[in-house]
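Participant: One structure, pasted below without further comment.
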Amino acid sequence: MASGSGSLMWFRKGLRIHDNPALEYAAKGTRFLYPVFVIDPHYMEPDPNAFSPGSPRAGLNRIRFLLESLVDLDLSLKKLGSRLLVLKGEPSEVLIRCLKEWDITKLCFEYDTEPYYQALDLKVKTGASTAGIEVFSPVSHTLFNPADIIHKNGGRPPLSYQSFVKLAGQPSWASSPLSITLSSLPHVGDVGSCEISEVPTIEELGYGESPQDCFSPFRGGESEALKRLRESIADKVWVATFEKPKGNPSAFLKPATTVLSPYLKFGCLSSRYFYQCLQDVYRNVKRHTSPPVSLVGQLLWRDFFYTVALGTPNFDQMRGNRICKQIPWNDNDELLATWREARTGYPWIDAIMVQLCKWGWMHHLARHSVACFLTRGDLFVHWEKGRDVFERLLIDSDWAINNGNWLWLSCSSFFYQYNRIYSPISFGKKYDPNGDYIRHFLPVLKDMPKEYIYEPWTAPLSVQTKAKCIIGRDYPKPVVPHDSESKECRRKMAEAYTLNQKLKGVVSEEDLKNSR
Ligand code: FAD
């Protein structure tokens, strides 16, 4: 048994010091503070059978991003007189053992709406409460408490962004400054027989040499997040005129958006602090854009999906999900593999999928393009399969946002204009006629003349030979003909929508209007 009573701060997301109410409460009035992160082997250990490096649940880029975030957190804790205690095992078992061993009287962790954490937290809370330990689990990952919004809406989540924004109003905390700095933290007490380690390296997790072609340019951690935030908001005109979905999805040297999503995902950056910084900019400019297109509007999209996800049973699947249209998607694993492995023969689509694999991040409209192509645009593969690929490979992979956007893009929920299909040829060309993005991520096409770069199969053989890229040998032919397949997809969607309406027995006016 350790030498005295203390608090345990359990980090999961929320990997930051600034605006961290759970950490602040844990540190208050205690002799010892134990800041803990538990490595769950299921999440971290290599999967030798996966099609790209990583664990069954996370690609290597995200695992690396997490480790970098933990190293940064440990450094920040050390500056405050503490340190991060890293443990390994099934999190609830490890936690409950630590609570006993260290004679903990107060357990603090950030509230999480994800089903995985809801189940885990229930186990830990029950264990802690039975032992008479105080549990403090505040909402600080989102701008609003999703449960409050659902409550305000009579027990159901609002299903449109506009109604969400109306219900949400101004966040209650927005008028007073958030707590951004801490000057010191209580010492870590005796750790007894619990096996504590430093933050492991990627090699120590069993990954050997990290493959060069899987290296995200984005480094994890709160320090990096705050630097990136400062750089983004320094350009006040850019912030004030930010308008999504305008912006170039093919810009990769300097992305058109903030690339703060991985930092928000792991909580290296507080969304509330981000929101306050944006409000400061808005106060100092004459005019600025507004939701849904502004940067604050983007943060509200994030909260919107968190709210709907919390209030919708089976949100992450088609069956049993009351807000999801039932569509007879195919389960064609061969088609799925061509998409996942960047072999569709459509350079715009394949380049985006390579960026996903190599960087773990792509622009929002690039995500639109590939999600539409896989589902209702061309291949008619189930959105859950595409969701799984994104969930594993994105460094910003976020349960509520990812599922919400796949529901949206597949026209299964929220958005119903299935006639509007992204062309895998002309959409990218509009932004990047020279095909620089494609040349960068698909070097096999780097010498293809710009006239053919979006449709290399139309290049005469002499041109292919000169470009050292023979279609069908060095780069694949199109997996499906877009013109006829997209028509067929529209037909199947129309049929499915009609059936859904018949099954419901009511024709929703909104659906009819939107599907025209
Ligand atoms: P900015 O434009 O700079 O926006 C700032 C922040 O607002 C983002 O960091 C993000 O937290 C939030 N945000 C922006 N757009 C959205 C949106 N449409 N929905 C919800 N929140 C938003 N985003 C994720 O964070 N995780 C995911 O797993 C994810 N999966 C997606 C899957 C599909 C099929 C699609 C189409 C989009 C997905 N998005 C996801 C939403 C969006 O593409 C990313 O949040 C955005 O591209 C991140 O880049 P950014 O930080 O530069 O965004």
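Participant: Sort out which residues of the stretch 292-315 are more than 11 Å from the ligand (Cβ to nearest atom) and out of contact with any Pro (no Cβ under 8 Å at 6 or more places or on another chain), and write them in order of number.
Facilitator: 313, 314, 315
Participant: Given the condition within 14 Å of the ligand (Cβ to nearest atom), in a loop (DSSP other than H, G, I, E, B) and not polar (S, T, N, Q), answer yes or no: does some residue in the stretch 350-361 qualify?
Facilitator: yes
Participant: I'm checking my understanding of the structure. Among residues of the stretch 159-210 that are among the small types (Gly, Ala, Ser) and either in contact with a strand residue (DSSP E or B) (Cβ under 8 Å, 6 or more places away or on another chain) or within 22 Å of residue 72 (Cβ to Cβ) (or both), which one is surrounded by the fewest Cβ atoms within 10 Å (Cβ to Cβ)?
Facilitator: Keep residues of the stretch 159-210 that are among the small types (Gly, Ala, Ser), which gives 160, 163, 168-169, 172, 174-176, 179, 183-184, 189, 192-193, 197, 206, 208, 210.
After this cut, where a residue has to be either in contact with a strand residue (DSSP E or B) (Cβ under 8 Å, 6 or more places away or on another chain) or within 22 Å of residue 72 (Cβ to Cβ) (or both) as well, the list is 179, 183-184, 189, 197, 210.
Numbers: 179: 15, 183: 6, 184: 10, 189: 20, 197: 11, 210: 16.
Per the stated criteria, the residue is 183.
Participant: Could you grab me the full set of residues in the stretch 211-239 that are assigned to a helix (DSSP H, G or I) and within 14 Å of the ligand (Cβ to nearest atom)?
Facilitator: Residues satisfying the conditions are 224, 225, 228, 229, 231, 232, 233, 238, 239.
Participant: Then there's this: Determine which member of the set 148, 121, 112 is of a type in the set (Asp, Glu), part of a helix (DSSP H, G or I) and either farther than 26 Å from residue 401 by Cα or touching an Asp or Glu at 6+ places or on another chain (Cβ under 9 Å) (or both).
Facilitator: Criteria check complete, one pass: 121.
Participant: Please verify whether the stretch 332-349 includes one or more residues that are within 20 Å of the chain's Cα centre (by Cα), more than 13 Å from residue 249 (Cβ to Cβ), of a type in the set (Val, Ile, Thr) and away from the ligand (no atom under 15 Å from the Cβ).
Facilitator: no
Participant: Another question, then. Is it the case, given these coordinates, that residue 395 is touching a Pro at 6+ places or on another chain (Cβ under 9 Å), more than 16 Å from the ligand (Cβ to nearest atom) and either over 17 Å from residue 489 (Cβ atoms) or assigned to a loop (DSSP other than H, G, I, E, B) (or both)?
Facilitator: On the way: touching a Pro at 6+ places or on another chain (Cβ under 9 Å): yes; more than 16 Å from the ligand (Cβ to nearest atom): no; either over 17 Å from residue 489 (Cβ atoms) or assigned to a loop (DSSP other than H, G, I, E, B) (or both): yes.
When the stated conditions are applied, residue 395 does not pass them.
Participant: When you go through 314, 321 one by one, which is the residue that is out of contact with any strand residue (DSSP E or B) (no Cβ under 7 Å at 6 or more places or on another chain), on the phi > 0 side of the Ramachandran plot and either surrounded by fewer than 18 Cβ atoms within 10 Å (Cβ to Cβ) or assigned to a loop (DSSP other than H, G, I, E, B) (or both)?
Facilitator: 314
Participant: Could you run through the stretch 245-275 and say how many residues are modelled with pLDDT under 95 and either within 10 Å of the ligand (Cβ to nearest atom) or outside any loop (DSSP other than H, G, I, E, B) (or both)?
Facilitator: Selection size over the stretch 245-275: 2.
Participant: Further, regarding this structure: Out of the residues in the stretch 77-93 meeting the condition of being buried (at least 20 other Cβ atoms within 10 Å of the Cβ) and in a helix (DSSP H, G or I), tell me which one is nearest to the chain's Cα centre (by Cα).
Facilitator: Looking at the filtered set, the residue picked out is 91.
The values are calculated or read from the model by the stated rules, or taken from the named source; none is laboratory data. This one's a predicted model, so the numbers in the text were calculated from it and none came from an experiment. Methodologically, a virtual Cβ is constructed for each residue, glycine included, from the backbone with ideal geometry; neighbour enumeration extends over all protein chains shown.
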